[in-house]
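One structure is given here, and the rest of the page talks about it.
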């Protein structure tokens with residue numbers, strides 16, 4: 001069956017909400033940093049019970065985010081497979097100003113080898129030497145909360 005109004009994620013889109021949390025579509029068109037709520041919309045003419053539309057919210061702060069879509073000529077003929085979630089951890093050097101408690105949820109963006117990966121993580125462990133003033137050094141281990149998505153290339 002042909003779908004004349006088929007759309008797909010705008011893979012070039014990126015957004016930081018008012019609290020600085022990073023959002024983008026993954027390569028597979030997922031929105032790993034957003035949760036979806038279905039909002040009921042009543043019928044205008046009363047001939048039906050209404051319908052639901054998706055509303056997207058930041059998984060950390062709940063801010064409403066409106067990710068754009070573009071026309072999808074290919075999907076008018078067939079579907080597109082989606083990426084599957086995975087678990088991940090990362091260990092990184094402690095940076096100045098890092099002040100989070102264990103289990104805090106963080107927005108994570110990793111740039112490595114020309115790739116940009118993003119998602120959410122919680123602080124699993126933090127180890128440091130020195131005082132908590134200027135001379136503190138150490139590492140932090142983050143445990144991923146769901147998919148660590150790869151941002152689509154915009155070049």
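Scan segment 20-37 and give yes if some residue there is at pLDDT below 65, in contact with a strand residue (DSSP E or B) (Cβ under 7 Å, 6 or more places away or on another chain) and within 21 Å of residue 152 (Cβ to Cβ), otherwise no. Checking segment 20-37: not a single residue is at pLDDT below 65, in contact with a strand residue (DSSP E or B) (Cβ under 7 Å, 6 or more places away or on another chain) and within 21 Å of residue 152 (Cβ to Cβ).
Any residue in segment 41-60 that is in a loop (DSSP other than H, G, I, E, B), at pLDDT 65 or above and within 16 Å of the chain's Cα centre (by Cα)? Checking segment 41-60: at least one residue is in a loop (DSSP other than H, G, I, E, B), at pLDDT 65 or above and within 16 Å of the chain's Cα centre (by Cα). The test for being more than 24 Å from residue 19 (Cα to Cα) and modelled with pLDDT under 65 holds for residue 133.
Working only within segment 108-127, note down all residues that are surrounded by 14 or more Cβ atoms within 10 Å (Cβ to Cβ) and either more than 18 Å from residue 27 (Cα to Cα) or at pLDDT below 65 (or both). Of everything in segment 108-127, those that are surrounded by 14 or more Cβ atoms within 10 Å (Cβ to Cβ) and either more than 18 Å from residue 27 (Cα to Cα) or at pLDDT below 65 (or both) turn out to be 121, 122, 123, 124, 126.
For first residues located in segment 96-120 and over 12 Å from residue 142 (Cα atoms), partners that are assigned to a loop (DSSP other than H, G, I, E, B) and at pLDDT below 80 and lie 6+ apart or on another chain with Cβ distances below 7 Å form the pairs 117/148. Residue count for segment 136-147, restricted to those that are under 16 Å from the mean Cα position of the chain (by Cα) and either surrounded by fewer than 16 Cβ atoms within 10 Å (Cβ to Cβ) or modelled with pLDDT under 65 (or both): 1.
The values are calculated or read from the model by the stated rules, or taken from the named source; none is laboratory data. Since the model is a prediction, treat every value here as computed from it, not as a measurement. For neighbour counting, all protein chains shown are included, and Cβ atoms are generated from backbone atoms with ideal geometry for every residue, glycine included.
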